[in-house]
Each structure stands twice: as C-alpha cells, then as structure tokens.
1. Pick from Lys72, Lys108, Lys50 the residue whose mean-square fluctuation is largest in a GNM of the chain, springs joining Cα atoms under 10 Å.
2. From the backbone phi of region 36-48, what are the Karplus-calculated ³J(HN,Hα) couplings (6.51 cos²θ - 1.76 cosθ + 1.60, θ = phi - 60°) in whole Hz, Gly and Pro given as x?
3. Across 5 Å bins from 0, what is the distribution of all Cα-Cα pair distances for the chain, in whole percents?
4. From the phi angles alone, apply the Karplus equation (6.51, -1.76, 1.60; θ = phi - 60°) to region 101-106 and give each ³J(HN,Hα) in whole Hz, x where the residue is Gly or Pro.
5. Working out 0.36 nm times the residue gap between Glu62 and Leu93, then minus their Cα-Cα distance, what length gain in nm do you get to one decimal?
6. Please tell me the relative contact order of the chain in percent, rounded to the nearest whole number, where contacts are Cα pairs under 8 Å and at least six residues apart.
7. Determine the sum of side-chain charges near Lys50: Lys and Arg each +1, Asp and Glu each -1, restricted to other residues whose C-beta is under 14 angstrom from that of Lys50.
8. So, with +1 on the Cβ of K and R and -1 on the Cβ of D and E, and no other charges, what is the size of the charge dipole of region 1-60 about its Cα centre, to the nearest 20 debye?
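The values are calculated or read from the model by the stated rules, or taken from the named source; none is laboratory data. Remember, predicted model here, so these are calculated numbers, not experimental data. Cβ sites come from the backbone with ideal geometry, for glycine too, and all protein chains shown count toward neighbours. These area figures cover heavy atoms from the full protein model, side chains too; ligands, DNA and RNA do not enter into them. Shrake-Rupley method; radii C 1.70, N 1.55, O 1.52, S 1.80 Å.
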Amino acid sequence: SFIGEESVAAGEGSILTDNPTWIIDPIDGTTNFVHRFPFVAVSIGFVVNKKVEFGIVYSCVEDKMYTARRGKGAFCNGQKLQVSGQEDITKSLLVTELGSNRDPETIKIILSNMERLLSIPIHG
C-alpha cells in the first residue's frame with residue numbers, strides 16, 4: 001500500500017492496514033518551502049502490521065540523511081544519534097509546531113496545549 005501526505009492533505013481518505021505500507025511526504029515542510037524558509041525534507045516511512053519498521057528523512061538544505069530502523073537506532077549521515085539524557089524538564093528547550101489547521105476547535109486545543117507548555121519552568 002501507499003499513503004502520500006499531499007493526497008491526504010488534499011482531503012483524500014486513507015486507512016492504515018496491516019499490509020506493508022509506504023508513507024511518503026515528498027515536501028515535508030510545505031509551508032516552509034512556499035515561504036523559502038530552509039527547513040524542508042523528504043520523509044519516507046515503511047509500516048507493516050501498523051508498526052513503523054524504518055524511516056528516512058533527507059534534509060535537503062542541510063544535505064543530511066536521517067535514518068532509523070526498529071530496534072537498531074537512529075543515524076544522521078551514518079553517525080549514531082543519542083538522546084541528551086536530560087531528565088529535568090526545567091533544563092530543557094521545547095520546540096513545537098502549530099500546524100496549518102485554523103479550525104476554531106483545533107485552535108482552542110493548540111492554544112490550550114501551548115498554555116500548559118508555557119507554564120512549565122523551562123529554559124526556552
């Protein structure tokens with residue numbers, strides 16, 4: 001099976017089944033791309049039995065290839081990636097993305113989530 005992000009975004013329905021399925025977003029960061037903001041990637045995932053088996057993200061502007069495989073870790077240009085190990089959220093930097101849906105109910109949920117995040121004493 002095949003699921004394309006651009007077709008789903010255009011309103012076409014999509015159902016994830018147990019079948020082996022490619023999930024592809026050829027311009028991940030479409031809004032960034034349209035505005036010439038240089039954070040754009042090609043994202044590809046492969047799912048079997050509704051579980052992600054591997055994923056590949058190519059950050060075009062940075063020329064970085066991120067890969068990950070279930071149980072094998074994640075890599076950037078072949079170098080193993082590690083999480084920071086920071087367990088204290090007050091010493092963390094949080095990053096979020098608001099999405100493009102401007103439906104009033106969705107905006108309420110997003111703002112509520114943002115309010116909860118902003119009340120945490122974080123670095124930024």
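1. Lys108
2. 6, 8, x, 10, 9, 8, 9, 10, 9, x, 10, 10, 9
3. The distribution over the chain is 2, 9, 13, 15, 18, 20, 17, 6, 1, given as percents.
4. Taking θ as phi minus 60°, the curve returns 6, 10, 4, x, 5, 5 Hz for region 101-106.
5. 9.0 nm
6. Relative contact order, the chain: 14 percent.
7. Computed value for this residue: 0.
8. On the way: 3 positive and 7 negative charges, 26 e Å.
With Lys and Arg at +1 and Asp and Glu at -1, about 120 debye.
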